[in-house]
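**Student:** Sharing a structure here in structure tokens format.
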There are 4 protein chains.
Amino acid sequence: VLAAAIYGAGDLRLGDWPEPVPGHGEVLVRLRRGGICGSDLAYYRKGAVGDFALREPLVLGHEVAGEIEAVGDGVAGLAVGQRVAVDPSRPCLGCANCRRGRSNLCSAMRFFGSAAVFPHVAGGFSEVFSCRADQCHVIPDSMDYGVAAMAEPLAVALHGIARAGTLVGQRVLVTGAGPIGMLVLLAARRAGAAFVAMTDLVEQPLALARQLGADAGLDLSRDPDALKPFEADGGYFDVALEATGSPAALAGVFKAVRAGGRVVQLGMMPGGDTPVPVNRLMAREIDFVGAFRFAGEFAVGVDYLARGLIDVRPLISRTLPMTELEPAFQLAGDRRQAIKVHLQF
Amino acid sequence: VLAAAIYGAGDLRLGDWPEPVPGHGEVLVRLRRGGICGSDLAYYRKGAVGDFALREPLVLGHEVAGEIEAVGDGVAGLAVGQRVAVDPSRPCLGCANCRRGRSNLCSAMRFFGSAAVFPHVAGGFSEVFSCRADQCHVIPDSMDYGVAAMAEPLAVALHGIARAGTLVGQRVLVTGAGPIGMLVLLAARRAGAAFVAMTDLVEQPLALARQLGADAGLDLSRDPDALKPFEADGGYFDVALEATGSPAALAGVFKAVRAGGRVVQLGMMPGGDTPVPVNRLMAREIDFVGAFRFAGEFAVGVDYLARGLIDVRPLISRTLPMTELEPAFQLAGDRRQAIKVHLQF
Amino acid sequence: VLAAAIYGAGDLRLGDWPEPVPGHGEVLVRLRRGGICGSDLAYYRKGAVGDFALREPLVLGHEVAGEIEAVGDGVAGLAVGQRVAVDPSRPCLGCANCRRGRSNLCSAMRFFGSAAVFPHVAGGFSEVFSCRADQCHVIPDSMDYGVAAMAEPLAVALHGIARAGTLVGQRVLVTGAGPIGMLVLLAARRAGAAFVAMTDLVEQPLALARQLGADAGLDLSRDPDALKPFEADGGYFDVALEATGSPAALAGVFKAVRAGGRVVQLGMMPGGDTPVPVNRLMAREIDFVGAFRFAGEFAVGVDYLARGLIDVRPLISRTLPMTELEPAFQLAGDRRQAIKVHLQF
Amino acid sequence: VLAAAIYGAGDLRLGDWPEPVPGHGEVLVRLRRGGICGSDLAYYRKGAVGDFALREPLVLGHEVAGEIEAVGDGVAGLAVGQRVAVDPSRPCLGCANCRRGRSNLCSAMRFFGSAAVFPHVAGGFSEVFSCRADQCHVIPDSMDYGVAAMAEPLAVALHGIARAGTLVGQRVLVTGAGPIGMLVLLAARRAGAAFVAMTDLVEQPLALARQLGADAGLDLSRDPDALKPFEADGGYFDVALEATGSPAALAGVFKAVRAGGRVVQLGMMPGGDTPVPVNRLMAREIDFVGAFRFAGEFAVGVDYLARGLIDVRPLISRTLPMTELEPAFQLAGDRRQAIKVHLQF
């Protein structure tokens, strides 16, 4: 089957891969739509995501939706032809973290399109791919595949806000108006945030954020002091979600969050340690917590999309054919032009 | 009245201060025992605690117990002659944090012996001092004043473990075998920790920690790799309590705590930011939270001491007369010889 | 001043009461709008609310908004002429529950228009009434007094959902489409509920509930089995909020809530104990919790209303002059005609 | 193999059953010690536990420890000859509740010696029995099999206190001094309870409870008003654990628990609904929650026992040979003589 794989930094190829066969409890899915994520871009740019470097060619893609093409034995409740959003995570379900209800931290996780383990786990940018039956979430006819392919990044955002604690009546700061930041905005609003401010260094996505309901969209490249007013009286925000991976953004966050508030780290920082105002964290009892992927939030995301409770369509900037792989990746990396870029065969 | 005050770094004086008068809702307490805390030592050594520098002479002392000497009007339930442990915190009770049940973060807190506000708030190293009635916790006749003066640092430790979440069945790492670390050990054990390891750079307090129930007492000055075995399989500890204020200790903690674990910062770091492995915190969803002073834990501490559920007596290294103020402070600063040093008139 | 007081069951009188004087830390408020609550109706119908029977005439009203008329000494941040929503609760702030952050359970609570203590605490259906400064929440010019008077029942609903835990992605059942049930619907939707079903025995409020966003509005008087489909597979709902005070409704709730789900009791039951399926609660680990009044949720309610995040206007059925006191109470008690009835001088 | 099975009320037989064969991922365990539980007794007395009636002969026993006799394929980390405590629960790991970290509520649970599903799941009162590898917890040589067989009821108690929230500094009421109540006492003490009172209607176990650390052991058959003093000031206890299954005990509990407190239901009530003071639950925001079996607490129990942090030996009243099956069951049902009775081949 045709699939889009990364062979090293800058070396992205559409080529032939072996036909997948569904094992016991597995299904085959024909890809209908796939989104390009920041980690796909990192493999493309640097041949690595954080500490995970490519050791062999890797089929990319983990924001995928498609149609069930074949059903292996031992599968109940799924049938050929069903339209599904595919959860790219395949946790073992038996390790200590899975049993604690935190399967996103599974110690034997197999995640689509990831070099975290070797041999690498192939992703979904493939005409047809296989997955465990429980990774498939059937979507209603009314939901198009583009929307379904947004369930994955939406799940990341929903997990971020879950880690933030209740947002009912809370004042929320989101740093970074990329795809995750945007989805955090939508999720925070849906979850009852009273006030949501977003920051970024690029104006275009901030303009969209304001349209989508941000109470403030602060361009820190134009006004580096735009967060200053929120630092008064010990910090305006109850919760901050850091979605840039920038140490400078994190530093700003700690100044604007109130005593007893909460900072959720979603973005991946540059290598090495990051300076953190630990004494402020201590004396003001700020909770600084990480958010990594998602667990049950995938199902919630599909449900929200199916019921129209969150509208992600304004975030899908462009859908390109898989044959325009490289232009699609370049567009996906241009924050002035695109939030989310989708691919299809 | 005679009181022990700090006039600047290294300038500690026992001298005469105005007789306190109890206001409405206040009582006078005659000091029977007072403990020297790390922040008292910091004023003595550097004339400052963190960002709070002395701007005028300050009566020190916030670990105090004594006898009620006089009762102001509007006070119910207290009488002259009662023996009390005194909570040094006087929160406003009306600000947002007080109303949230987090009075330790009160934005108008008045805390004994602290330069955090100006004019400074006098402490309890005074023959007689005044406090609000609700700061007094009556102790049973069976509890001596030395034990009662330990209620305050015990409350700090209890608040630390409260911030750690349940410790039932948990594996706990405590960095720093100073007075707070020792009390965290006792509190963690009491709260159901299955395994408690302590680290320090000095052998003497570690030896005591082992006697008091630590499952491991690791001297990192002798064996800098003593925590290595605990880093295997992604980290042995469910919870770590950082009670040294050392960036190196904190770095070690993040390596030895499991995914989904929790790090509680109790120690005050040197000025400026501290390097933190933020990507590890993010990808492993480690909660990094501060613990500052205490709220309801003071009452729990007194209750534990009164019922004999925690025995703090092995931690009281020496009790000296107030006239030996300077030797007492020097002894209190010598970790080879002393855990906690007490003063009395 | 003129005020509306209850003298016994069915004996409601508009009459003269002494002019209030603001004490230290208090203000006088001129009533602009007051809502009739179920407990006002209970005093009117039975001369009692639950166990609290009238022992003297009582000025009713605790859903009130008005204008500051005078400011006592010791009040900061409020001025004559300001428009305010008034929190009817005056907790002591110092008792154990207040200090735990649960001032709604204050053991010395003084709540507007309540016979819970003797002498009774006068309510706000009075031309002018006094309250502690911190009970006043300034509202923006854009918010009319009718909306402001809804802050109190909205706070009850917000407290109910706070007791339910996060509602993000949850399936929610609300029994009872009275004013509180309706506000719970709006609050649950705002807080991220994926699906909200409401039940009642009267069609008219259910029709409104469907308009306001309920996914299902089930009239159990027409179809007593309407909840049956939700009992399949061990229960459809993650959370139920019981807002009728009917044992039959509670029985239905326990059948339709999944294992590990949560039931929040908002309604007051008839006297005596209520049958509860305790074995089901035990074996399915259903949390059954009470929700009583509110604490910080009043401020959240005012904020939501000010920002237009919840629209309560469809619930205000009618506003009548205080001189039509008795007709207003009768209308308020007719669920076919009214959700919430307001009064004004 | 020989096994002890129940054929109907009062019809207990030691007889021959087919030799078990370990499937993929399974092991065979030779029984060394088995404890008689209240549900075993219920099958013996009534042929049913709650709603679960016998439909075929059932091998009883779910508190078991033994030696690994054979290892099926696909098993890692276990070897013949290892000594193990056996977790009788075999959750599916894939259903919604398992994924939430609440495998005790697994919708496809297979639990040893239970008629909850048909065909029934055989228990462990069998010379040799099979189980999934992850059900085996290796015990140290220092732990005898009798202690290991207590891991299961200890896990029930630990799950009970987990459902109670933190017990650090809390005042705890335990109703019922049977095996579970006793273990709750030990667990609550271990978890930091400041005060533990127990009630029962039989003096003998209360005497033991006092020896094991209960601060009060109240015999309600001698003094039905023994809990009265604890009802003052709105209730003395922060937490109550109801381990009798008696409506009268539950009624007493609700009177003695403070506003904002928590009631955990462990005992199984007689059929039908139980009267609950719902208005008190509502107006005082008492959390009433169920505790059913356990999940991760089994491992904690084994760890506590291995480290000597809880000593269950005083609770093992007698160990009898399997051939004395009926006398053993009769002894186990006599609360004057026995807490826990063990069986061995």
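The values are calculated or read from the model by the stated rules, or taken from the named source; none is laboratory data. Predicted model only: the values in this text are computed from it and were never measured. As a convention, Cβ positions derive from the backbone with ideal geometry for all residues, glycine included, and neighbour counts pool all protein chains shown. Protein only, heavy atoms only, side chains kept; ligands, DNA and RNA dropped before computing areas. Shrake-Rupley method; radii C 1.70, N 1.55, O 1.52, S 1.80 Å.
**Student:** Going through the stretch B:85-97 one residue at a time, which ones are among the acidic types (Asp, Glu) and facing chain C (nearest Cβ under 9 Å)?
**Tutor:** none
**Student:** Which one of these is within 12 Å of another protein chain (Cβ to nearest Cβ), part of a loop (DSSP other than H, G, I, E, B) and touching a residue at least 12 places away in the same chain (Cβ under 8 Å): D:187, D:177, D:157, D:116?
**Tutor:** Result: D:116 is the single residue among D:187, D:177, D:157, D:116 that is within 12 Å of another protein chain (Cβ to nearest Cβ), part of a loop (DSSP other than H, G, I, E, B) and touching a residue at least 12 places away in the same chain (Cβ under 8 Å).
**Student:** While we're looking at this one, here's another question. Filtering the stretch C:98-111 down to residues that are touching a strand residue (DSSP E or B) at 6+ places or on another chain (Cβ under 6 Å) and open to solvent by less than 20 Å² (accessible area, probe 1.4 Å), which residue is nearest to the other protein chains (Cβ to nearest Cβ)? Break it down stepwise before answering.
**Tutor:** In the first step, residues of the stretch C:98-111 are kept if they are touching a strand residue (DSSP E or B) at 6+ places or on another chain (Cβ under 6 Å); the result is C:102, C:105, C:110-111.
If we keep only those that are open to solvent by less than 20 Å² (accessible area, probe 1.4 Å) too, we end up with C:105, C:111.
Details: C:105: 4, C:111: 12 Å.
Checked the stretch C:98-111; the qualifying residue nearest to the other protein chains (Cβ to nearest Cβ) is C:105.
**Student:** Looking at the stretch A:300-314, I want the residues that are under 18 Å from residue C:167 (Cβ atoms) and within 11 Å of chain C (Cβ to nearest Cβ) and have a partner that is open to solvent by 40 Å² or more (accessible area, probe 1.4 Å) and not in a helix (DSSP H, G or I) with Cβ atoms under 7 Å, at least 6 apart or on another chain. Which pairs are those?
**Tutor:** A:302/A:137; A:306/A:140
**Student:** Quick one: residue A:134 ticks every box in (1) surrounded by 22 or more Cβ atoms within 10 Å (Cβ to Cβ); (2) out of contact with any helix residue (DSSP H, G or I) (no Cβ under 7 Å at 6 or more places or on another chain) bar one, so which box is it?
**Tutor:** (1)
**Student:** Could you go through the stretch D:134-154 and let me know if any residue there is of a type in the set (A, V, I, L, M) and under 30 Å from residue D:256 (Cβ atoms).
**Tutor:** Step one: filter the stretch D:134-154 for residues of a type in the set (A, V, I, L, M), giving D:138-139, D:143, D:147-151, D:154.
Then keep just the ones that are under 30 Å from residue D:256 (Cβ atoms); that gives D:150, D:154.
Checking the stretch D:134-154: at least one residue is of a type in the set (A, V, I, L, M) and under 30 Å from residue D:256 (Cβ atoms).
**Student:** What is the residue count in the stretch B:69-125 for residues that are in contact with a Cys (Cβ under 7 Å, 6 or more places away or on another chain) and aliphatic (A, V, I, L, M)?
**Tutor:** Residues meeting the conditions: 4.
**Student:** Out of C:338, C:328, which single residue is modelled with pLDDT of 95 or more and assigned to a loop (DSSP other than H, G, I, E, B)?
**Tutor:** Every option except C:338 fails the conditions.
**Student:** Starting from residues that are of a type in the set (D, E, K, R), in a helix (DSSP H, G or I) and free of Cβ contacts under 8 Å to residues at least 40 places away in the same chain, keep the ones in the stretch C:190-234 and report whichever is farthest from residue C:337 (Cα to Cα).
**Tutor:** Narrowing the stretch C:190-234 to residues of a type in the set (D, E, K, R): C:190, C:200, C:203, C:210, C:215, C:219, C:222-223, C:225, C:228, C:231, C:233.
Of the ones still in play, those that are also in a helix (DSSP H, G or I) are C:190, C:203, C:210, C:228, C:231, C:233.
Next cut, free of Cβ contacts under 8 Å to residues at least 40 places away in the same chain only: C:203, C:210, C:228, C:231, C:233.
Numbers: C:203: 11, C:210: 16, C:228: 29, C:231: 32, C:233: 38 Å.
Among those residues, the one meeting the criterion is C:233.
**Student:** A further question follows. Within the stretch A:246-282, take every residue that is without any contact (Cβ under 8 Å) to a residue 12 or more places away in the chain and not in a helix (DSSP H, G or I) and give me the one that is farthest from residue A:39 (Cα to Cα).
**Tutor:** A:273
**Student:** Quick check on the stretch B:283-297: of everything there that is within 7 Å of chain A (Cβ to nearest Cβ) and open to solvent by 10 Å² or more (accessible area, probe 1.4 Å), which residue is farthest from residue B:37 (Cα to Cα)?
**Tutor:** Per the stated criteria, the residue is B:283.
**Student:** Given the options A:86, A:117, A:71, name the one that is at negative phi, at pLDDT 95 or above, within 20 Å of the chain's Cα centre (by Cα) and of a type in the set (A, V, I, L, M, F, W, C).
**Tutor:** Within the list A:86, A:117, A:71, the selection yields A:86.
**Student:** Within the stretch D:311-335, which residues are open to solvent by less than 30 Å² (accessible area, probe 1.4 Å) and in contact with a helix residue (DSSP H, G or I) (Cβ under 7 Å, 6 or more places away or on another chain)?
**Tutor:** Selection gives D:312, D:315, D:320, D:329, D:332, D:333.
Each row is one residue, and each column tells you yes or no for (1) touching a strand residue (DSSP E or B) at 6+ places or on another chain (Cβ under 7 Å); (2) of a type in the set (Phe, Trp, Tyr); (3) closer than 22 Å to residue C:38 by Cα.
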site: C:205; (1), (2), (3): no, no, yes
site: C:212; (1), (2), (3): no, no, yes
site: C:222; (1), (2), (3): no, no, no
site: C:236; (1), (2), (3): yes, yes, no
site: C:244; (1), (2), (3): yes, no, yes
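Yes/no matrix, rows are residues, columns are (1) within 22 Å of the chain's Cα centre (by Cα); (2) within 14 Å of another protein chain (Cβ to nearest Cβ):
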position: C:195; (1), (2): no, yes
position: C:199; (1), (2): yes, no
position: C:216; (1), (2): no, yes
position: C:229; (1), (2): no, no
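**Student:** Still on this model: If you go through the stretch B:283-298 one residue at a time, how many are closer than 24 Å to residue B:51 by Cβ and assigned to a loop (DSSP other than H, G, I, E, B)?
**Tutor:** From the stretch B:283-298, those closer than 24 Å to residue B:51 by Cβ are B:288-295; that's our starting set.
If we keep only those that are assigned to a loop (DSSP other than H, G, I, E, B) too, we end up with B:291-295.
So the count comes out to 5.
**Student:** Which number in (1) surrounded by fewer than 24 Cβ atoms within 10 Å (Cβ to Cβ); (2) more than 14 Å from chain C (Cβ to nearest Cβ) marks the one condition that residue A:250 misses?
**Tutor:** (1)
**Student:** Next up: Can you pull out the residues in the stretch A:21-35 that are under 29 Å from residue A:318 (Cα atoms) and open to solvent by 20 Å² or more (accessible area, probe 1.4 Å)?
**Tutor:** Residues satisfying the conditions are A:30, A:32, A:33.
**Student:** Continuing with the same structure: So, of the residues in the stretch A:253-282 that are away from every other protein chain (no Cβ under 11 Å) and not charged (D, E, K, R), which turns out to be surrounded by the fewest Cβ atoms within 10 Å (Cβ to Cβ)?
**Tutor:** A:256
**Student:** Quick one: which of D:141, D:134 is part of a helix (DSSP H, G or I), more than 14 Å from chain B (Cβ to nearest Cβ) and over 15 Å from the mean Cα position of the chain (by Cα)?
**Tutor:** Exactly one of D:141, D:134 is part of a helix (DSSP H, G or I), more than 14 Å from chain B (Cβ to nearest Cβ) and over 15 Å from the mean Cα position of the chain (by Cα), namely D:134.
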